[in-house]
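See below for the structure under consideration.
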Amino acid sequence: MSRLELLVDRDGPLTRAAVLADGRLTDLHIDHADRPSLLGAIVLGRVERIATGLNGAFVDLGNGLSGLLPAADVRRPILDDAPPHARPPRPGAKPAPIGALLRTGQPVLVQVKADAVGSKGPSLTMDITLPGRFLVHAPLGRDIAVSKRLGSGPERAALARRIEELATGSGWIVRAGAVQVPDGLLAAESEALHLHWRAIRDDARAGAAPRLLHPGPDAPTRALIEQGAAAPAAILVDDHPPPDDIRIGDGPLLSGLRNWCGRHAPDLLPRLSPHRDPQRLFDLRDLDTAIAGLLDVRVSLALGGSLVIERTEALTVVDVNAGERGNPLEVNLDAAAEIARQLRLRNVGGIVVVDFVNMRNRGDAERVLAALSQAVESDPVQTQVYGMSKLGLVELTRARRGTPLAALLRP
């Protein structure tokens with residue numbers, strides 16, 4: 001099994017959290033102080049305008065920002081002591097008209113599910129979720145849902161029963177890694193998430209809208225949450241103060257991680273330590289070079305081929321080149337793993353089209369498709385592979401999550 005490390009530092013306006021598996025960069029989370037993300041933020045908003053044509057409502061989030069709340073994402077308000085929200089519409093069912101659900105000026109508790117893109121504002125939902133390493137709290141629901149990655153066997157049903165006995169409150173989504181987690185950690189995480197939800201709910205009832213109630217998780221916290229049960233063996237934080245800072249003790253990055261781990265992941269506290277070397281942590285691991293390479297169009301493959309990754313307005317195109325003497329099947333299999341890695345590291349969202357090296361054997365094409373599907377399985381962002389055309393083109397989609405790396409790192 002790979003040895004995981006989480007390395008955290010601050011570089012100018014950037015807060016960076018890099019996950020390494022046996023020394024190789026596998027995941028990267030970056031916050032930009034000048035381009036903050038609202039992904040995951042919970043806001044007490046106010047309905048600004050009913051958009052009948054879109055069957056949605058524009059919600060004032062404060063600070064001159066508004067987002068679109070579709071009718072399908074509207075739930076019963078919880079700013080009083082009403083029971084939990086009504087269930088979402090059945091798949092394929094047509095949502096009620098937005099005018100029958102909301103009115104202008106009404107306060108609504110919403111969560112940002114997608115950041116603004118270009119002139120399009122944030123996308124909102126009233127299905128509030130609070131993610132943890134093993135569990136996701138969906139406090140407005142009543143059910144226990146288990147990750148589809150566990151299949152449909154008895155292990156799935158047993159895990160649901162276990163969480164029903166251990167968890168505080170109702171409304172839980174169980175991540176696949178929870179199978180191997182001790183009862184104590186599951187119970188502690190569920191209690192921490194439920195207490196967090198109660199604090200947000202009480203805050204929402206106590207003040208006026210619009211108002212931010214809970215920011216989305218920062219880069220280091222996102223990295224820990226998305227690793228799930230695959231906990232890093234070491235968490236190193238390069239939190240050096242400026243030369244004229246006489247601060248004693250932990251810097252803000254290390255202090256913030258200690259506080260979060262203390263509440264949500266006490267098992268990780270012994271693995272958390274400051275980077276004491278005078279040389280910067282990312283310099284020592286040559287991560288600045290690796291991150292800069294993620295902005296390149298061309299990516300070299302281990303077997304001598306390469307990828308060319310180009311973003312258009314509508315989609316991302318990946319071209320696989322075999323090189324001078326590359327075997328098409330071997331190059332494509334090599335490319336499949338690297339494509340999955342590059343999509344995660346670059347935080348590519350939307351439609352992706354991959355042009356693999358042409359293969360004459362149908363069985364080889366199926367092997368490549370299976371390899372790509374397997375490679376994206378571990379991606380915490382929902383990724384769907386749709387198949388290969390006669391031209392060797394593969395279509396896939398990856399949910400938009402936060403800001404793409406290229407936009408964060410541009411001058």
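The values are calculated or read from the model by the stated rules, or taken from the named source; none is laboratory data. Note that this is a predicted model, so its numbers are computed, not measured. Methodologically, a virtual Cβ is constructed for each residue, glycine included, from the backbone with ideal geometry; neighbour enumeration extends over all protein chains shown.
Residues that are surrounded by fewer than 16 Cβ atoms within 10 Å (Cβ to Cβ), charged (D, E, K, R) and either touching a Lys or Arg at 6+ places or on another chain (Cβ under 7 Å) or modelled with pLDDT of 90 or more (or both) within region 381-409 comprise just one, 395.
Let's see how each residue does on (1) of a type outside the set (S, T, N, Q); (2) surrounded by 16 or more Cβ atoms within 10 Å (Cβ to Cβ):
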| site | (1), (2) |
| --- | --- |
| 293 | yes, no |
| 297 | yes, no |
| 302 | yes, no |
| 308 | yes, no |
| 314 | yes, no |
| 317 | yes, yes |
| 321 | no, yes |
| 326 | yes, yes |
| 335 | yes, yes |
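Checking each residue in region 279-320 for being charged (D, E, K, R) and within 28 Å of residue 11 (Cβ to Cβ) picks out 280, 283, 285, 286, 288, 296, 298, 310, 311. Of the residues 142, 149, 133, the single one that is farther than 19 Å from residue 212 by Cα, touching a residue at least 60 places away in the same chain (Cβ under 8 Å), of a type in the set (Lys, Arg) and part of a loop (DSSP other than H, G, I, E, B) is 133. Each residue in region 180-201 was checked for being assigned to a helix (DSSP H, G or I), crowded, with 18+ Cβ neighbours inside 10 Å and without any contact (Cβ under 8 Å) to a residue 60 or more places away in the chain, and 3 pass. Figure legend. Inter-residue proximity from region 10-31: first residues over 11 Å from residue 291 (Cα atoms), second residues among the hydroxyl-bearing types (Ser, Thr, Tyr) and in a strand (DSSP E or B), beta-carbon distance below 6 Å, spacing 6+ or different chains. Indicated pairs: 19/26; 31/15. The helices (runs of 4 or more DSSP H) falling completely within region 255-354 that include 2 or more residues that are of a type outside the set (D, E, K, R), out of contact with any strand residue (DSSP E or B) (no Cβ under 7 Å at 6 or more places or on another chain) and at pLDDT below 95 map to 287-293, 328-346.
Within the span defined as region 373-380, every residue fails to be hydrophobic (A, V, I, L, M, F, W, C) and either surrounded by fewer than 18 Cβ atoms within 10 Å (Cβ to Cβ) or more than 30 Å from residue 122 (Cα to Cα) (or both). In the set 44, 68, only one residue is more than 30 Å from residue 312 (Cα to Cα), modelled with pLDDT of 85 or more, among the aliphatic types (A, V, I, L, M) and part of a strand (DSSP E or B); that residue is 44.
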